[in-house]
Each structure stands twice: as C-alpha cells, then as structure tokens.
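I have placed the structure first, in the form of structure tokens, so that the comments after it can refer back to it.
What follows is calculated from the coordinates using simple rules that are stated; it is not laboratory data. Keep in mind it's a predicted model, so treat the numbers as computed, not measured. Note that each Cβ is placed from the backbone with ideal geometry, even for glycine, and that neighbours are counted across all protein chains shown.
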Amino acid sequence: MTKTKIELKDIPNQKALLRRISVFSVFIIVIYILLLLSGQFCCDNSAGYVTIVLFLLLAMAVILTGCELFANGIEHVGRKLELSHATSGSILAAVGTALPETLLPALALIFGQKGHAESIAVGAILGAPFMLCTLAFFMVGTVSLILWFLKKRKHPVVHTNISSLKTELIFFIAVMTGVLMISLLNSSLINHIGAISLLMVYAFFVKVSFSHSAEEGEEYSEHFHFSFIMACPASRIWITIQTLIGLGLIVVGAHIFVNYLTVLSIKSGISSLVLSLLLAPVATELPEKFNSITWTIKRKDTLAISNITGAMVFQSTIPVSIGLMFTEWKLGSTELLNIILSLTVAAAILLVVNTMKRLPSWVLMCCGLIYLMYIIRVFFLN
C-alpha cells in the first residue's frame, strides 16, 4: 500500500519532467531549423522578397520571445533583491530588453557582409536611443491618454518617479552631447578615449540608479513564465535557466535579422544605413515598447518610463562605445541629425518636467511628430 502511494505521488513529478523535456526539445529543434534555413537562403543573396520578409518577421518574433523570457527572469531577480520599480526599470528591465540593440551592431560587425556591416552597426547604434525617446515615448503617452478618455485615469498624466526620470534624462543629455562632440572631432584617439569614458559613465549611472527609493504602493505581480510553460517553481536555478534561454533566443534572432537586413539592402538598392536606422530599431525595440505599454495599462508608470529612459542611457553608452572602438565612426548628416533630435526631445521633456513637476501625456505624444519628421527626412531627402 505504501509503495502504491509513493508511485501515485510521483506521477505529477513525472508529468512535469516529461513536459520540460518536450519543451526543451521543441526549442532546440526550432532554433536549429531557423539557423539552418537562414544560412541556406541568405548566403548567396538569391532569396526572394517573400523569403526575406518571412525571415525578418521570424527574427522579430524570436527576439521578442527571447526578450520577454529574459526580462521576466530579470524582474524576478528584482523581486528577490527587493529593488524599487525605478531601479528595476532603469537597470534590470532596460538592460534585458536592450540586449538585441546591443547585440545587433556587434553581430553585424562579426557576421555582416563587408561594405554593409559598418552601416548596419552604426545605424542600429544611433537608431536605438532615438527610437526610444520618440516612438517609445509616443506609444506610452498615447496609451495613457486613451486610458484617460476611457475614464480609467483621473488625469492625462504619466505618474512616474519624477526624481529618477530627471536623473536619467540628465545622464542621457550629457552622454549624447559628448557623443556629438566626439563625432564632430573625428579622431581615432578621441574615439577610443570616448569609448572608455562611456563605459565608466554607465558604471556610475548604475551606482546612482541603485539608490532610487521605492514609491508608496509599488508591487511586483508578474508571473514566472516557466511556471506556466513547464510547471517550474520560481527558484534561483529556474530563473537563471529562463534568463539564459531568453538570451540565447535574442542572439539567434539578432543573427538572423542581420543576415536578412543585409540581403534586403542589396536587393532593394536602399541604403543599409537607412534600413538600420529605421527598421532595425523598430524590430529590436519591441520588448521595451511592449513592456512599457503593458506596465502603463497596469498603472505601473514608473516601470514603464524607467524601462525606456534606462534603456536610453544604456544604448547611448554601451553600444556607442562598441561603435567608437570597432568602426571608423565617420557620421554623415543623417546620423548627426539623429543625435541632435534625440538631444532635443530629451531636453524638451526635462524642461517640461522641471517646470510642471509632472509628465503630461501630450508631451510624450509630441515625440511621435519628431519621429514622423525624421522618417520623411530620411526617405525623401537622403
């Protein structure tokens, strides 16, 4: 009788183990097929437009899935460490969801075809912070305004931690001003010194961000994804495994995206710089936008905004240092305009926040107009 009870008790554990093995097997098979097909279709640049678009969409899906797993794992780290929403958003969530943009230029330089790799790398580096402070802010502002129209908010205002927002905007403005000056000087020695300085600035930013205090009513309520997918407990080992799998998906997705972005540039005749300034950041910034919109709907505005501003600081330091180190970093008018517009948007928001002591939704929506004007400039005047 005792033996029977033990065997019946073990059945749920056996089912859970079988479920985990099945999910891992499917994951490995899918990634292998994606990498195999990616290499076969894009090596000789003979892929048709349908194939190119299909794999770009697949790469975006892989990146988004990987970042969701990674960010969710990082969020559970924040819960275990009892960090504030501002700190978790600025550091943990921002770094996690910013990995595709960081990996994209690195992988472009390693795996990209000669003559296009640097253009894609520079475009991805400069396109990311600009996309965050225009399109990402616009989407958060739009969602908060819609919630106000639906009477789910009392005021059309994004209720974020103003202190942390101002700190992150000041860091971003200072860093991008330095990047602009370095770009105008166009010296290899200054580029390398600037790259090291940017790494030091981000290390200091991390230190400052960990001092953000929690606001009243802050809570973490996100479920652990592996608990739903594979019935895994939210233990340290499973949080680590989910985070590493998410990182693996990000790397695979970014590698496939770089391949087909290069092929699309060659076949269409459109500048790889133009495509990487606009298309690459839209794809790789999906995690920030998705997470920020979700947090805005859940009235976790500090997480939503800190995710964006923290990523802005990260993107203007770590990836830029890669560009300064491993490319010639000779920027044209389009790239310089990208930096100037990013600075303008950040300075305008900082001015409004300093003056009004709050962040109105309409201010963030105005960022979308800047993005629209930039698209017109790139496509019709470049």
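In this structure, the amide hydrogen of residue 158, modeled 1.01 Å from its nitrogen in the peptide plane, lies closer than 5 angstrom to those of 359, 361, counting only residues at least 5 positions away or on a different chain. Using the Cβ-Cβ distance between residue 184 and residue 325 with R0 set to 25 Å, the FRET efficiency from 1/(1 + (r/R0)^6) comes to roughly 0.85. Projected label points at residue 148 and residue 204, each 7 Å from Cα along the beta carbon direction, are separated by 3.6 nanometres.
For residue 79 and residue 162, the FRET efficiency from 1/(1 + (r/R0)^6), where r spans their Cβ atoms and R0 equals 25 Å, is about 0.55.
Length gained on full extension, residue 333 to residue 53: 97.9 nm, using 0.36 nm per residue less the C-alpha separation.
Which of the residue pairs 207/298; 154/357; 80/357; 267/289; 80/300; 300/357 have a Cα-Cα distance greater than 22 Å in the structure shown? With Cα atoms farther than 22 Å apart: 207/298; 80/357; 267/289.
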